[in-house]
Amino acid sequence: MKDYFKLLGWESLLMIIIGMLMLRSQIFIPFYNMYFPFTIIPSSEFVAFSFGAVFMMASFNVICSYYDGKMQDIIDNKQQKEDTQQTNKYKMFWVLCIIALGLIGFVSIKNNAWQVLAIAVVFECGAYFYALKYKREYLIGNIMISLLFALIVFLPLLLEFFAFKNFDSPFTLRIPKEGMQDLFSLFAYFGGFVFLLCFVRDLTVDLANLEDNKKNNLVTFPVKEGVRPTKTLLVIASCLFMILNIYFMYRFYDKLDTIHIIFICIIVLAPMVYYIISLMRAKLPMYYAQLYQTLGIIYIALLFVIFFCNDIFKINATL
């Protein structure tokens, strides 16, 4: 059982479900409470949708593990028939995929947001081809996995947006343009945070596995370009991440309390500065692996930033 939890990547699944529920409680409900006497999507359906996203991420982890095993067999020159464990992984991927699309499809179609189901299908296709072909491709894999993770952040927004757009009610006329701009801006920032952080994490892993990837003739960015250019790219991406955080605080400065800004500086920006300094000093693979864990802490810290976002929607309703 422990191996199955590890295979599914329970840490990332836990962060997804917590993140989804935070988005619901700290962003969507405060936003709707300003203009609506109710929420468009019932909480029970949103929970089902959140678990759909969890199963979708679990299928991604499983298919990556499956093709990692096949790649290792090729490297080890193993020509024997695929073992039972590998076959079970492949079957598990399709089962998880069907459950994920079933839950997301049910909630999406019921709320006239079929576009979200189409996006979920695109995610599953992207996950499959990423694991099959692009995971070890030169920089393409790093960008692709970052885009897939950022897409998960936008799924709840897209669900609420399309449900709202197709919802026939006079209450929909009460939301001013400024309110919708703030909502989309907020998710754009979160999407940017997740994209840049996932890109840095994935490239850091490639740096930690540099020697193994060389032995296995895998063309990752560190293998082809070397350690120094990889560090330079990581520093640039990390600086962009911090600049985006700083601009986020500037953009919503009048809607955040001072303690919120201090909190973001301490739990997000300070660890990223530590990461950059440690990255430039690191020389051994074990140090890069430790830095990967540091980036995981920053990712968790971003979830807690969402707690403060309900203060952003201090906008006068247009009645």
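The values are calculated or read from the model by the stated rules, or taken from the named source; none is laboratory data. From a predicted model like this one, the values you see are computed outputs, not experimental measurements. Ideal geometry is used to build each Cβ from the backbone, glycine not excepted, and the neighbour counts take in all protein chains shown.
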Matching residues in the stretch 211-230 - criterion: being aliphatic (A, V, I, L, M) and surrounded by 17 or more Cβ atoms within 10 Å (Cβ to Cβ): 218, 223
Residue identified as closer than 19 Å to residue 150 by Cα, touching a Phe, Trp or Tyr at 6+ places or on another chain (Cβ under 8 Å), surrounded by 15 or more Cβ atoms within 10 Å (Cβ to Cβ) and modelled with pLDDT under 80 among 56, 15: 15
If you check residue 262 against the conditions, is it hydrophobic (A, V, I, L, M, F, W, C) and either surrounded by fewer than 14 Cβ atoms within 10 Å (Cβ to Cβ) or in a loop (DSSP other than H, G, I, E, B) (or both)? yes
All conditions in (1) modelled with pLDDT of 75 or more; (2) under 18 Å from residue 153 (Cβ atoms); (3) not acidic (Asp, Glu) are true of residue 309 except (1)
Residue 249 passes all but one of the listed conditions (1) farther than 23 Å from residue 141 by Cβ; (2) among the aliphatic types (A, V, I, L, M); (3) free of Cβ contacts under 8 Å to residues at least 12 places away in the same chain; the exception is number (3)
Matching residues, the stretch 112-128, being surrounded by 22 or more Cβ atoms within 10 Å (Cβ to Cβ) and over 19 Å from the mean Cα position of the chain (by Cα): 113
So, in the stretch 220-234, of the ones that are of a type in the set (Val, Ile, Thr) and in contact with a helix residue (DSSP H, G or I) (Cβ under 8 Å, 6 or more places away or on another chain), which residue ends up farthest from residue 134 (Cα to Cα)? 227
